[in-house]
Amino acid sequence: MSRVRVARRIATAAAFGGGGISLLGGAAVGLLLTEVRMAKRVVGGSEGTPPRADGRYGSAFAHRTDEPALRLGFLGDSTAAGQGVHRARETPGALLASGLAAVAERPVKLVNVAQPGAQSDDLARQVALLLDSSVPAPDVVVVMIGANDVTHRMPLAASVRLLSDAVRRLRDAGVEVVVGTCPDLGSVEPVYQPLRWLARRASRQLAAAQTIAVVGLGARTVSLGDLLGPEFEARPRELFGPDNFHPSAEGYATAAMAVLPTLCAALGLWPEADERPDARRGEGFLPVDQAAVAAASEGGTEVAAAHAGGGPRGRWALLKRRRRRPLEEEPEPEQTQVGGSTALS
């Protein structure tokens with residue numbers, strides 16, 4: 001079965017409440033479980049709490065504008081939370097808040113409710129925290145989820161359905177959404193064949209199905225899988241953290257550079273000239289399922305809805321290969337303690 005057809009079947013099953021797509025035959029299960037046990041012996045685990053990066057970024061721009069600060073929300077798992085680094089400014093949320101503030105020339109308030117170890121069934125709780133009626137809704141939300149769904153063998157259709165429900169709630173609240181699709185688990189260095197191949201296959205299938213589902217809801221996606229895969233495989237000591245599983249500070253910066261252009265474009269802040277597809281870079285309009293599979297195979301690739309209508313081959317999407325630009329670090333955010341919680345200043 002082609003990759004496009006598999007991704008389409010998973011997304012369709014998610015939309016209509018069907019079951020997942022089986023990745024393994026019965027004969028492979030014993031071998032896979034043996035490989036999993038071997039991998040667990042050499043892949044560490046970060047049990048510490050990720051640094052809290054919530055706060056206000058880009059305060060230097062406050063005197064230049066009367067506009068209120070942009071509000072950036074973060075949802076997802078340990079990668080979204082910044083597990084594996086020790087400084088708040090090294091987390092993906094802080095990196096993107098700093099980058100967004102620099103592009104918008106406005107302060108940005110970051111609220112990160114991502115939970116290490118979370119699977120997609122935790123997204124409903126996280127969305128409820130961000131859409132708390134006592135505070136304004138975010139202007140834009142970044143979601144990074146899927147790795148734990150693969151490692152815990154959640155049916156892929158169920159994973160996609162849960163993500164879709166979360167994105168739909170955010171879009172109904174008027175929030176722009178950017179989804180960093182499932183990373184390439186085949187790039188984790190201590191994982192050997194055949195588990196590496198199976199992990200890569202499942203990761204890419206989930207990433208493509210995530211794209212098909214959420215682009216139809218008005219979200220944009222950025223593929224992190226192949227972007228991180230070859231680079232992490234080539235430079236594991238630099239891009240993986242001490243636990244050999246989560247990214248290092250440089251690894252998170254690599255991912256953030258891929259997401260920033262899409263984050264800015266979702267808010268209408270990216271240069272207009274860069275929004276036009278460039279055929280020389282392989283950008284253009286494709287049926288959404290084909291765009292999703294292409295993006296899953298090449299990191300740093302954005303997929304966004306081309307228009308609301310459909311054609312003889314279904315919905316269409318714009319595929320763009322965003323340029324990656326360095327992000328500058330910013331000092332720790334301003335935070336104000338209110339009772340036992342951290343409030344944004």
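Observations
- With respect to the conditions (1) in contact with a strand residue (DSSP E or B) (Cβ under 9 Å, 6 or more places away or on another chain); (2) charged (D, E, K, R); (3) within 25 Å of Asp139 (Cβ to Cβ); (4) modelled with pLDDT under 90, Asp54 lacks only one, and its number is (4).
- Among the residues examined, Ala28 does not qualify as within 27 Å of Thr254 (Cβ to Cβ), part of a helix (DSSP H, G or I) and either modelled with pLDDT under 75 or not hydroxyl-bearing (Ser, Thr, Tyr) (or both).
- Conditions (1) assigned to a helix (DSSP H, G or I); (2) within 18 Å of the chain's Cα centre (by Cα); (3) surrounded by 21 or more Cβ atoms within 10 Å (Cβ to Cβ): number failed by Val141: (1)
- Hits in region 122-144 (condition: of a type outside the set (A, V, I, L, M, F, W, C), farther than 21 Å from Gly58 by Cβ and at pLDDT 95 or above): Asp122, Arg125, Gln126
- Considering region 260-273, the residues that are out of contact with any Asp or Glu (no Cβ under 9 Å at 6 or more places or on another chain) and surrounded by 14 or more Cβ atoms within 10 Å (Cβ to Cβ) include one that is farthest from Lys320 (Cα to Cα), namely Leu269.
- Residues within region 53-97 that are crowded, with 17+ Cβ neighbours inside 10 Å, touching a residue at least 40 places away in the same chain (Cβ under 8 Å) and at negative phi, tallied: 29
- Strands (runs of 3 or more DSSP E) contained entirely in region 241-345, each with at least 1 residues that are touching a Gly at 6+ places or on another chain (Cβ under 8 Å), modelled with pLDDT of 65 or more and closer than 17 Å to Thr221 by Cβ: 284-287, 301-311, 314-321
- Within region 144-158, the set of residues being assigned to a loop (DSSP other than H, G, I, E, B) and out of contact with any strand residue (DSSP E or B) (no Cβ under 9 Å at 6 or more places or on another chain) comprises His152, Arg153, Met154, Pro155.
- Of all residues in region 274-284 being loosely packed, with under 15 Cβ neighbours inside 10 Å and acidic (Asp, Glu), the one that is farthest from the chain's Cα centre (by Cα): Asp278
- For region 113-134, a tally of residues being outside any loop (DSSP other than H, G, I, E, B) and crowded, with 20+ Cβ neighbours inside 10 Å returns 6.
- Of all positions in region 224-236, at least one carries a residue that is at pLDDT below 85, touching a strand residue (DSSP E or B) at 6+ places or on another chain (Cβ under 9 Å) and of a type in the set (Phe, Trp, Tyr).
- Of all residues in region 146-182, exactly one satisfies the criterion of being free of Cβ contacts under 8 Å to residues at least 60 places away in the same chain, buried (at least 20 other Cβ atoms within 10 Å of the Cβ) and charged (D, E, K, R), namely Asp149.
The values are calculated or read from the model by the stated rules, or taken from the named source; none is laboratory data. Keep in mind it's a predicted model, so treat the numbers as computed, not measured. All Cβ positions, even for glycine, are placed from backbone atoms using ideal geometry, and neighbour counts span all protein chains on display.
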